[in-house]
Amino acid sequence: MNSVTKFLDTFLSRTVVVVMSLLVITVSLQVFMRYVASSPISFTEELSRYLLIWVGLLSASYAYRRRMHLALDLLVLKLHGRNKMILNIFIHSTILLFSLAVLGYGGYELVYMVVELGQSSPSLGVSMGVVYLALPISGLAISIYAIDFIRMELAGETPVIADPLIEDKNIVQPASDISDAGPSSADSGTNVHPKSE
C-alpha cells in the first residue's frame with residue numbers, strides 16, 4: 001500500500017504543477033492576445049476552463065492526502081484513544097463511500113455517456129470525455145488515500161504530514177509516540193517530526 005500511495009503522491013503533485021503551469025500560460029496568452037495584440041485566440045478561454053477543472057479535482061485529492069481541507073475538528077480534538085479512532089475511521093469511510101459512488105462511479109458514467117454521444121468541445125474539438133475523466137481519477141485517488149488512512153487508524157499509526165513546501169514526504173509515527181508529545185502538537189494540526197538520531 002505504501003508503494004501505491006507514494007506513486008500516487010508523486011503523480012498528483014507533479015501533474016498538478018504541470019497542469020497549473022499550462023493554465024497560467026494559457027490565461028496569460030489569452031490576456032496578452034486580447035488586450036495587447038487585439039487579436040484574441042478562440043480556444044484559450046475554453047482550454048483554461050478545462051485545465052481549471054483538472055487542477056481543482058486533482059488538487060482536491062492531493063489536499064485530502066495532506067489533510068489540508070477545511071474541517072470541523074471540535075469533536076475529534078475532544079476525543080482520545082479508541083473513541084477518537086472510531087470517529088476517524090467513520091469520517092474516512094464516509095469520504096471513501098462518497099468518492100467511490102459520486103466521483104468514481106458517477107464520473108465513470110458521465111465519461112461513458114459523453115463518449116457514447118460523441119460530445120466534443122466547440123473550439124478545441126476534444127472529446128468531453130477527456131475533460132470529465134478528471135472525476136473518476138480524482139475519485140480513485142481519494143478512495144486509495146481513504147483506505148490508507150483507515151489502515152493507519154487500525155494499525156495505531158498517525159500520519160504526520162510534512163510541510164509540502166519544505167519536504168515532500170509523508171511521515172508516519174505510531175500513535176503512542178504522538179500522544180506522548182501532548183495534545184497541542186498532535187491534535188492541533190501542526191507537524192510532529194521524529195527526533196533525529
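Any read-out appearing in this document is the output of simple, stated calculations on the displayed coordinates, not a laboratory observation. Predicted, not measured: the structure shown is a model, and the values here were computed from it. Neighbour counts are summed over all protein chains in view; Cβ atoms, including those assigned to glycine, are modelled from backbone coordinates with ideal geometry.
Miscellaneous remarks
- Whole-Hz Karplus values for segment 114-122 come out as 6, 5, 5, 7, x, 6, 9, 6, x Hz, taken residue by residue from phi with 6.51 cos²θ - 1.76 cosθ + 1.60 and θ = phi - 60°; glycine and proline positions read x.
- For segment 1-78, the residue among 52, 28, 2 whose Cα projects farthest onto the positive side of the dipole built from Cβ charges is 2.
- Whole-number percent relative contact order across segment 1-114, with pairs defined as alpha carbons under 8 Å at least 6 apart: 22 percent
- Extension gain (nm, one decimal) between residue 130 and residue 93, 0.36 nm per residue minus Cα-Cα: 10.5 nm
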